[in-house]
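Structure first, then comments.
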């Protein structure tokens, strides 16, 4: 059955490391936007602000393991660390192909810098342009698929939805002995068991539900955009920018950013499980004022911080 897989439990990790949580400027111990996703031991980088490779080193990440990089838009705090990272991968002897997804202008920016420095990468680099619309699958493997989210910002900006692929059903340990070896894969894929005498044993009597597929949505930078709700409904973890408090709502509208209250409203209306706030303005010495604004609207709200790891655990029921 398409989209099903089975892996040892040790490979079932789904976690997000927030490498940079600041807006525009590196300040107050915050760095420009960057996140590392580990999904079943495959690494994905989302945005790459200044200093990202140093943050990866501090997190003791071998960044040559990163297979894909997703750049949301062409504001510097989201991509100015990219060329340094690409160069370091080259100098460290990377040979595996690297996929980079981003706005159409990104390829031109990369090409001109490689040409100006007469750099010829040791590894294949594939840069793929993103269309500014929601719901398009841009990357897919047997473990995960990545879809686009059309955010509302001053320039075309794309968020990303990472969805784990559905797993095989589990054989009920008490029934395994009654299932012939040749039929077990089919039963795991949801088939009923046909016995030699013609008896049909329903799949539900032989298997247990697998863990529910996990999901993560990345929404930065964006104004309040309720049209995204249907695309992020029910995700396990929503990262949503909260650049300002509601006291600066006018500034948020002018710059097409969100307040913490608006982020919490999005989480509440989309019925997500957990909200993670980030992309904080450097004007705030402490992020707690943003958390305090969000909590009355959506109680399961967390603050992103540099180097923190947020794990999405497996579950079998909604």
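Key figures for this structure:
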| quantity | calculated |
| --- | --- |
| Subset of the stretch 194-207 (residues that are out of contact with any helix residue (DSSP H, G or I) (no Cβ under 6 Å at 6 or more places or on another chain) and either in contact (Cβ under 8 Å) with a residue 24 or more places away in the chain or surrounded by 11 or more Cβ atoms within 10 Å (Cβ to Cβ) (or both)) | 194, 195, 201, 203, 204, 205, 207 |
| Residues being free of Cβ contacts under 8 Å to residues at least 40 places away in the same chain and surrounded by fewer than 16 Cβ atoms within 10 Å (Cβ to Cβ) - total across the stretch 27-63 | 5 |
| Flag for residue 188 being touching a strand residue (DSSP E or B) at 6+ places or on another chain (Cβ under 8 Å) and under 30 Å from residue 101 (Cβ atoms) | no |
| Residue in the stretch 18-27 that is assigned by TED's automatic domain parsing to the domain that holds residue 109, in a strand (DSSP E or B), under 22 Å from residue 244 (Cα atoms) and modelled with pLDDT under 95 present | yes |
| Strands (runs of 3 or more DSSP E) enclosed by the stretch 240-318 - at least 1 residues per element that are surrounded by fewer than 14 Cβ atoms within 10 Å (Cβ to Cβ) and at negative phi | 308-311 |
| Single match in 183, 177 (criterion: on the phi < 0 side of the Ramachandran plot and either in contact (Cβ under 8 Å) with a residue 40 or more places away in the chain or touching a strand residue (DSSP E or B) at 6+ places or on another chain (Cβ under 9 Å) (or both)) | 183 |
| Residue tally, condition in a loop (DSSP other than H, G, I, E, B) and within 23 Å of residue 219 (Cα to Cα), over the stretch 62-94 | 8 |
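The values are calculated or read from the model by the stated rules, or taken from the named source; none is laboratory data. Not measured: the values here are computed from a predicted model. Neighbour counts run over all protein chains shown; Cβ positions are idealised from the backbone, glycine included.
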